[in-house]
Structure formats: structure tokens, C-alpha cells
Amino acid sequence: MLESLPMWIAAMTFIAVIVVIMFEWLHITVAALLGALILVFTHIMTLQEAVGYISRSYATLALFFGVMVLVRAFEPTKIFDYLAAQMVLLAKGQGKLLLIGIVAITTPICAVLPNATTVMLLAPLIPPLAQDIGVDFVPLLILMVFVANSAGLLTIVGDPATYIVGDSINITFMEYLQRLSLGGALAVITILVMLPWLFPKIWRTKFEHLEDLPHPKINHPRVLALGGIIVFLVLFLFVVGESFPVPLAPAAVALMGAALALLLAQQSKIDTVHNILRDVDWSTLLFFMSIFVVIGGLEKTGVVNILSVFLSIILGKNIFLGSLVLLFFVGLVSSVVPNIPLVVAMVPLLKQYLVNVNLVGTEVLSPDYAGSFPPEVLPLFYAMMYGATLGGNGTLVGASSNIVAAGIAEQHGGKISFHTFLRYGLPVMFTQLVVSAMYMLVFLV
């Protein structure tokens, strides 16, 4: 009984953290941090072990921090304000073109930046512009979230959940583009096809008085031009850096881009290093650190191992069935459980399952494992990527970008309720999961 007590404490702590996050009883960072500290104070793990579990995910944390700094450094140029205004002007008074414009602008940005970061930048610009032209901004924000979550599948760095899973199987940026990006493109196309049915009122709307809209201008054009070079360099190294004789991981590239952006901001005096670092979303970074510790508690006490045994009993060695089951199971669960902690928990479970059924060796369980996985088992991880990312479109609590958009709506006098999001989200999520299943069956399994 004493041996099982730590297991129960770890499991109940994880469940409690998820429930508190789901019902928004506490801020997600507070909930995760308290959960991590419960494990430390109940001696489930030492503080040194907790830091060790955080260090296992250093690549994810470094990538997020680097991108946050890189984006924030160029905020004074007002480039994103300019892009949002152009999005409305290019609509030429037609609601359907405005909807398509949101998809067109959000998609390429979310392919290279974490989706929550993109929503933080672009979403605040939607309410005032929508109000100026006389439409409800809530559906537009919801559309932006759908596109942001879906476009995150276009590259391995576009969505935190995708990056965590991809990093766990050592897939490179280019390998991801070759194997999985088409599935992300299909997810975005699915939204485009559904636009007339999802937003029929806005689709049929004709706008007037476009000449009265604000026309923001770009500040510091020379700095922006140099910043564009930095961004291009970062994107280039994202694609080819890992193929160099001395490989450059995306996390290292992101940190280099952040350092160059800080240098440029300081030397050009458009902002101070203090201001830029102060505005980094430290809350999100602390949430990730804390949730990694909570998941580490499940791993250390054997909960993950027990769950993997049940998974092996259910699936056996049937990768075809397992991929479809994982796609829809992870998709449904991630619609009510934030997808980042979900994939953090599922990755070690899936690896242990593959070891249990003798499809891979025990060496893959090591956090330092840098080898390749057998091609026949990779569809299971691909299914997890698609399910976790697209499942986030199902409900308001499914992805961090959803919560960000809801907060911005409240700041502008609107509200994205759980029910409102659900009405749009469920048909989008199920349609995208079906399309992804068909894509996997044809190309990946």
C-alpha cells in the first residue's frame, strides 16, 4: 500500500490540475505551479529531480522564449497593425473577402511562430477594426483561433504540441515538411471550405465607409528591414540548420534570433532590452516548467507504465488501428484538456507502449536518445500531432490561443463563452479530424 501511495498522489495531483484548468478556477500557471509543489512537498520527488524534469524539455522552453523575444522586439515598428489594416482594406467591402483575408494573413505567420504568440499579436487588432465596419468581432476572433491552431501543423515549430511530439522522435524541420505539412494545409483548406456555413452572416455582409477606417503606418522602416533579414535568417536555419555538419537545432536558432533582435532594438534605440524582456510571457513559460514536473511525477511513480500496459492490451501491434484510435482519442481529449500537458503525458506513455509490445528497444525511453524510430511506428506519433493540435479547436479550453483570444474579447467589451466557441468548434474539429484520418490512411499508414 505504501508503494502505491506516491502513485495515487501523482495521479490525483495531475487530475486536479487539469480539472482546475478546465473550469478556470485558478490561473493555469498557478494551478500547474501548485501541482508541481505538491509533488515536492509530499516527497514524490526532490527539488533537484523536479528541475531535472524541466531540463528534459529545455528545447521547448528555449524555442518559446526565443520566439517571444524576437516578436516583441519588433513591436514598435507597428508591422502587425499595418498588416491587420491591410487585411480589412483588401476585403473591398465584402465580408467573404474579409474572412478569407484573416485566413490568408494568419496562416503564414502561424506556420513559423507559435500560434498563441501570433494570436497575442493579431487578435487585439480585430475588435476595433470590426467595430469600425459594423460587424461582430467575436466570430472573427474565433476564426483567427481556428486558423492559428490549424496552421500550426504546417511546420514543426508552429504549435507547441507539435514541437514537443516531433522533438521526442527526433524529426527534423525538413522531414516534417516532407511528411506532415500537407496534412496541415488540408486542415486550413477545410476551414476555408466551411467559411460560408460557419459564418453565413459575415460572409454575405457588404461594408460601407471604408474610407473612414484608420490607416496605421509602419514605424522605423530601416530597423524593420534589418529585422526582416534576421527573421529570414532564422527561418532559413529552421529549415536547413539541422543538416549542417554541426547541426543547429530550432531552439538554438530561435535564441540566436532573439539575441540579434535585442541587439538591433538596443542599437537603434526603438526600445530597451529591459522593456522587451519585461513583456515576455513569463507566465506561460512558468506554466510549461510546472506542468513538466507534474507529468514527471506520473512517470517516476509508474503511472505512465501502467497506462502503457492498458494501451498495449487494447492495441496490440496493430499500428493501423492504433493510429486511428490515437488520432480521435487524443483529438477528443485535447478538446477539454489543454493539448500541451496532454502530449507531455502521452509521449512517454506511447514510447513505453512500443517497448512493451517489442516494436522498439528500451533505449528510446532515455531522455538523451537521439536515434531514429522505426518507420512503421511513426504514424502513431503523427496521429498524436494531428489529434492534439486539431482537437484544440473543439472547445474554449482546448488550446492556449483560445484562452488568449477570449481574454482579448473581454478587454474590448465582448465575450467568447464556452457555448459560443463550442457551437463553432465542434463541427470544425470533427471535420478536420476526419480529413486528417483520410490523409493518414492514404499517405502515412
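The values are calculated or read from the model by the stated rules, or taken from the named source; none is laboratory data. This structure is a prediction, so every number in the text was calculated from the model and none was measured. Quick reminder, even Gly has a Cβ in these numbers, built from the backbone with ideal geometry, and neighbours come from all protein chains shown. SASA here: full protein model, heavy atoms, side chains in, ligands and nucleic acids out. Shrake-Rupley method; radii C 1.70, N 1.55, O 1.52, S 1.80 Å.
For this structure, a couple of remarks:
- Calculated mean residue ellipticity, 222 nm, the chain: -22500 deg cm²/dmol, from DSSP H runs (n ≥ 4) at -39500 (n - 2.57) each, averaged per residue and rounded to 500.
- One decimal place: the segment K201-I189 gains 2.3 nm when fully extended, by the rule 0.36 nm per residue minus the C-alpha distance.
- In the stretch 1-88, inverting the average of 1/r over every pair of distinct C-alpha atoms gives 16.3 Å as the Kirkwood radius.
- Anchor K201: aspartates and glutamates whose Cα lies under 18 Å away (excluding residues fewer than 8 positions away in-chain): D132, D136
- Between T46 and L89, the contour length at 0.36 nm per residue exceeds the alpha carbon distance by 9.8 nm.
- Taking the C-alpha atoms of the stretch 219-348, convex hull volume expressed per residue in Å³: 190 Å³
- Separation of the alpha carbons by more than 32 angstrom is noted, of K351/K415; K300/K415; K96/K415; K92/K415; K92/K269; K269/K415, for K351/K415; K300/K415; K92/K269; K269/K415.
- Accessible surface of the chain, 1.4 Å probe, proportion on carbon and sulfur as whole %: 69 percent
- Residues whose amide H comes within less than 5 Å of that of Q94, counting only those at least five positions distant or on another chain, are F207 (H built at 1.01 Å from N in the peptide plane).
- Cut-off of 10 Å, at most 15 other beta carbons, DSSP loop: longest stretch of the chain lacking such GluC sites (Glu not before Pro): 209-445
- Here the 3J(HN,Hα) profile of the stretch 17-29, calculated from phi with Karplus coefficients 6.51, -1.76 and 1.60 at θ = phi - 60°, is 4, 5, 5, 4, 5, 4, 8, 6, 6, 9, 4, 4, 5 Hz, Gly and Pro shown as x.
- Average 1/r across all pairs of distinct alpha carbons in the chain, invert it, and you get the Kirkwood radius: 22.5 Å.
- Peptides 243-249, 356-362, 335-341 ordered by average Cβ neighbours within 10 Å, highest first: 335-341, 356-362, 243-249
- Computed lengthening from F236 to I314, 0.36 nm per intervening residue step minus Cα-Cα distance: 23.8 nm
- Separation in nanometres of the label points that stand 7 Å from Cα toward Cβ, at W282 and Q178: 4.3 nm
- Taking the average, over residues, of other Cβ atoms within 10 Å as the packing measure, peptides 216-223, 107-114, 160-167 rank 160-167, 107-114, 216-223 from highest down.
- Taking the Cα centre of the stretch 2-442 as origin and assigning +1 to Lys and Arg Cβ atoms and -1 to Asp and Glu Cβ atoms, the resulting dipole is close to 620 debye.
- Per residue value of the accessible surface for the chain (all protein chains in place, 1.4 Å probe), Å²: 43 Å²
- Taking the three principal axes of the alpha carbon atoms in the stretch 319-438, the coordinate ranges are 55, 31, 18 Å, sorted in descending order.
- Close amide H pairs (under 5 Å, H built 1.01 Å from N) link L248 with E242, S243, residues at least 5 positions away or on another chain.
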